[in-house]
Amino acid sequence: MIRFYRVLGLFVCSLVFFGAVGYGVHNVETYKDLEQYFKNLPINDSSVEELCNAAMNSDNEYVKVLAIRRLGGMFEKGAKGVISEKTYKKAIDALLAGLEEGTDRIVRVGSRQVNPFWEVRGEAANALAKVNDPKTVPAMIKALRYDTDPIVQRNVALALGKMKAKQAVPALIDVLETTPDQGLAADIVRALGEIGDKRAFGALIKVVRGNFMPKVKEMAQEALEKIQWAEEPEEVIR
């Protein structure tokens, strides 16, 4: 067993144990130490597999977050061209699992009932944007539509925008037209602008003319200016 001493702000929590076979962290006493350890991992199959094991097998939310964040950083630096196809698939599976982490559970926070591990799901969305694999878009659309946490939805929306995922445009429009959350609306507008699909024109016009905050309306106007009206080949998902 490998021990992690959890330090979060001024609160000292109990020891957390990890039983993943071959998990190579030693003498890690704080989250800061763990984050640095993950950052020092080289980009190769072994490191990616270690991070996947931490993301999928740990019961500790913040350990999952740190592992997923580092996976995203590796892919941002070109990990896909370095690791094997088998390891790449394992990484995608780990990130997609992170995108659903906690959605099968409900906990009470004050008077509200929420799904736990929302930070893991949000970080997984950020990492998937850096991987930029079209095959992950359907799972991200599902998260956008059905995740109960608006922060997760916002991360997913921004990720889809960074990926320029035209497949997600109908879902982005649907959520934009139904959400009461102005922050989520703003991030969807930003995503639609990044994608630049002409199908978003009507929805963005409604934002400009509708009951939205001035900043959101301004963002919608900017998004309208990014729409690409020329015909382009349809996106192919292989």
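Read the figures in this text as sums done on the coordinates, not as results from a lab. As the structure is a prediction and not an experimental result, all values here were calculated from the model. Cβ sites come from the backbone with ideal geometry, for glycine too, and all protein chains shown count toward neighbours.
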- request: Name the lysines eligible as straight-distance cross-link partners of Lys206: C-alpha to C-alpha under 30 Å, and not fewer than 8 places from it in the same chain.
  value: Lys142, Lys162, Lys164, Lys166, Lys198, Lys215, Lys217, Lys226
field: For the stretch 170-232: rounded, prolate or oblate by the Cα gyration tensor [a/c cutoff 1.5]
entry: prolate
query: Efficiency by 1/(1 + (r/R0)^6): what FRET value for Val114 and Asn40, r their Cβ-Cβ distance, R0 = 25 Å, to the nearest 0.05?
result: 0.15
field: Within-12-Å neighbourhood charge of Ala97 [Cβ basis; K, R +1; D, E -1]
entry: -1
query: With no solvent and one point per C-alpha, what does the Debye sum give as log10 I(q)/I(0) for the stretch 34-163 at q = 0.19 Å⁻¹?
result: -1.00
statement: Computed ³J(HN,Hα) along the stretch 135-150: with the Karplus parameters 6.51/-1.76/1.60, θ = phi - 60°, integer Hz and x for glycine or proline, the list is 5, 8, 4, x, 5, 6, 4, 4, 5, 4, 6, 10, 5, 7, 9, x
- request: Give me the distance in nm between label points sitting 7 Å out from Cα along the Cα-to-Cβ direction at Thr178 and Arg209, one decimal.
  value: 2.3 nm
query: How far, in nm, would the chain grow between Gln221 and Lys32 when pulled straight, counting 0.36 nm per residue and subtracting the alpha carbon separation?
result: 63.9 nm
- prompt: Which of the lysines could a cross-linker span from Lys39 if the Cα-Cα distance has to be under 22 Å and same-chain partners fewer than 8 positions apart are dropped?
  reply: Lys64, Lys77, Lys80, Lys89, Lys90, Lys130
- request: Work out from phi, with θ = phi - 60° and the Karplus expression 6.51 cos²θ - 1.76 cosθ + 1.60, the ³J(HN,Hα) of each residue of the stretch 62-73, listed in order in whole Hz, and give x for Gly and Pro.
  value: 6, 5, 4, 4, 5, 5, 5, 4, 5, 4, x, x
message: Take Asn57 and Phe201, extend 7 Å from each Cα along the Cα→Cβ direction, and tell me the distance between the two endpoints in nm.
response: 5.4 nm
Trypsin sites (Lys or Arg not before Pro) restricted to DSSP loop in the stretch 88-140 with at most 16 other C-beta within 10 Å: Arg105
- request: Only Cα pairs under 8 Å and at least 6 apart count here; give the relative contact order of the stretch 95-207 as a rounded whole percent.
  value: 22 percent
